């Protein structure tokens, strides 16, 4: 299997989940340095059966090189997890955002994910009796926007639509495509939060707790498994109940 952006945060937890389930995992990061750092974390967790390679998924040539490695090292691919993402943080509001920044986010989150999916299907899934499946990582912000993240929210909405379109076209070929849409995830960005801000964020969650990386990994594993064999084109939300409420309770009168 392949996990894009598997070198850090939630990606690492997805890699760990599948390694512990017995899979041989390929993962990539945006730079040699970040990919090597991810491998160090996996080694510290006593995880093996992982092959890493730097790959900017917005670059078709680098994607092809990554798939050359998969073909050489394994000869097959059964699961693709499109996890890599440009968060689009710090680009400003919609009136001042540089259009080039908008393109950067879409080039990774949408075009890059499509390129990887297309290559996984053409080079592996369509040549195997067991066709394989694809799991995308989207976000609840595809449906409930957050401020000053226009490019990110728009890209996640595009992913949701692309998942449904891909699922429709690929289902007759035996390839399933589904999606996990997280909300807050406790990543390294939470490590530097003021405790009061973290507590206020948790108040937005009816379950009072943001997701861990393993929470998201468990949903991804379900969507990649035979337990979801009759599901395709689905967006499964995992956000502690944030999406089911109108407003947090401290302002919901």
Quiz item: Counting pairs of alpha carbon atoms under 8 Å apart in space and at least six apart in sequence, what relative contact order in percent does the chain give?
Solution: 19 percent
Quiz item: Using the Cα gyration tensor of the range 166-216, with a ≥ b ≥ c the square roots of its eigenvalues, what is the shape: rounded (a/c below 1.5), prolate (a/b larger than b/c) or oblate (neither)?
Solution: prolate
Quiz prompt | Relative contact order computed over the range 70-216 (Cα-Cα under 8 Å; 6+ residues apart), in percent | solution = 24 percent
Self-check item: Sequence-separation-based contact order of the range 1-111, relative, with Cα cut under 8 Å and 6+ spacing, percent
Solution: 28 percent
Quiz item: Among 22-29, 99-106, how do they line up from the highest to the lowest mean number of other beta-carbon atoms within 10 Å?
Solution: 22-29, 99-106
Self-check item: Options [x] 16.8, 47; [y] 18.9, 60; [z] 17.9, 60 - which one matches Rg and Dmax of the Cα atoms in Å as calculated here
Solution: [z]
Quiz item: What is the packing order of peptides 160-170, 237-247, taking the mean over residues of other C-beta atoms within 10 Å and listing the highest first?
Solution: 160-170, 237-247
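Provide the packing ranking of 88-97, 221-230, i.e. peptides ordered by the mean count of other C-beta atoms within 10 Å per residue, highest first.
So the peptides 88-97, 221-230, ranked by packing, come out 221-230, 88-97.
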Quiz prompt | Cα gyration tensor category, rounded, prolate or oblate, for the range 48-164 with a/c compared to 1.5 | solution = prolate
Practice problem: State whether the range 120-162 is rounded, prolate or oblate according to the following rule on the C-alpha gyration tensor (a ≥ b ≥ c being the square roots of its eigenvalues): a/c under 1.5 gives rounded; otherwise a/b larger than b/c gives prolate, and the remaining case gives oblate. | Solution: prolate
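Every number in this text was worked out from the coordinates using simple rules, so none of it is lab data. Only a predicted model underlies this, so the values are computations on that prediction, with no experimental measurement involved. Every residue, glycine as well, gets a Cβ built from its backbone with ideal geometry; the counts of neighbours run over all protein chains shown.
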